[in-house]
1. Can you list residue pairs whose Cβ atoms sit under 6 Å apart, with the first residue in segment 158-174 being under 21 Å from Gln91 (Cβ atoms) and the second being of a type in the set (A, V, I, L, M) and surrounded by fewer than 18 Cβ atoms within 10 Å (Cβ to Cβ)? Count only pairs 6 or more apart in sequence or on different chains.
2. Quick one: would you say Ser80 is modelled with pLDDT of 95 or more and touching an Asp or Glu at 6+ places or on another chain (Cβ under 7 Å)?
3. Keeping to segment 101-123, report how many residues are surrounded by fewer than 19 Cβ atoms within 10 Å (Cβ to Cβ) and modelled with pLDDT under 90.
4. Can you work out which of the residues in segment 52-71 that are among the small types (Gly, Ala, Ser) and surrounded by 16 or more Cβ atoms within 10 Å (Cβ to Cβ) is farthest from Asp160 (Cα to Cα)?
5. Output the number of residues of segment 66-76 satisfying the condition of being in a strand (DSSP E or B) and either over 23 Å from Asp187 (Cβ atoms) or touching a Lys or Arg at 6+ places or on another chain (Cβ under 6 Å) (or both).
6. Any residue at all in segment 58-72 that is under 15 Å from the mean Cα position of the chain (by Cα), among the hydroxyl-bearing types (Ser, Thr, Tyr) and either in the same structural domain as Thr166 (by TED's automatic domain parsing) or modelled with pLDDT of 95 or more (or both)?
7. Test each condition in (1) at pLDDT 90 or above; (2) within 18 Å of Asp162 (Cβ to Cβ) for Trp98 and report the one that comes out false.
8. Is it the case that some residue within segment 77-93 is of a type in the set (A, V, I, L, M, F, W, C), over 15 Å from Asp116 (Cα atoms), in the same structural domain as Cys159 (by TED's automatic domain parsing) and surrounded by 14 or more Cβ atoms within 10 Å (Cβ to Cβ)?
Amino acid sequence: MTTNRLEAIGKSAFSFTIPLDPNQTIFVHASATPGCFAGSIQMTTFEFDPDIDACDFGDKDTGWLWAQDNGSQAMAYRTSCSKNFWSSYEQAEMYSKWWDGTKWKKGDASLRVEIDAHRKNDVCFEFDHENEVKTCFCSHKAASVNSGIFGAKNFAHHCDGDVTGTFKKTMNWQGQVWSIDRVAEVDFECCE
């Protein structure tokens, strides 16, 4: 085992005990000396077990992505998840676009958007799964699910593959039918 010691500003210190085997527990030791004359050193130890999963609690999204056919049709799309005091939300959203020769404009098409959300606790145990599909002949559509306002579902965590959006724009011009299909997963920071 190796122990690294990092001095913090003032009279406090952190040290780490890191085993040679990456699957063993890592210990973080923190100590502080109060600034008063009669104060004694206070010390605590935290354990980090690499074998225990840790899922991401943050608000994340894919950013707006772009897909285009070989001609004048395209779509902008994104997948996201967010939380507030009341609920956890997952959403897939898309916009239909077409090129008029000078600029991209919104344009109606047959749209299908699907959100698939797996919710987990902080150690990555899945406790909830929701899926929603929305379709329309329009220029914008979103599918969203949320955990509601009660219980532990409000504190959903995720890992890669847990929040997935599926997008399809179908066009029909003079009897010729084609589509633009994409899948977008939110990228999370987690240990598995």
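The values are calculated or read from the model by the stated rules, or taken from the named source; none is laboratory data. For clarity, every value in this text was computed on a predicted model and none was experimentally measured. Cβ placement follows ideal geometry from the backbone for every residue including glycine, while neighbour counts extend to all protein chains displayed.
1. Listed by first residue and then by second, the contacts come to Thr166/Val183.
2. yes
3. Of the residues in that region, 3 qualify.
4. Of everything passing the filter in segment 52-71, Ala67 is farthest from Asp160 (Cα to Cα).
5. Here the count works out to 4.
6. Looking for residues that are under 15 Å from the mean Cα position of the chain (by Cα), among the hydroxyl-bearing types (Ser, Thr, Tyr) and either in the same structural domain as Thr166 (by TED's automatic domain parsing) or modelled with pLDDT of 95 or more (or both), one finds at least one in segment 58-72, hence yes.
7. Looking at each condition in turn, Trp98 falls short on (2).
8. So far as segment 77-93 goes, no, none of its residues is of a type in the set (A, V, I, L, M, F, W, C), over 15 Å from Asp116 (Cα atoms), in the same structural domain as Cys159 (by TED's automatic domain parsing) and surrounded by 14 or more Cβ atoms within 10 Å (Cβ to Cβ).
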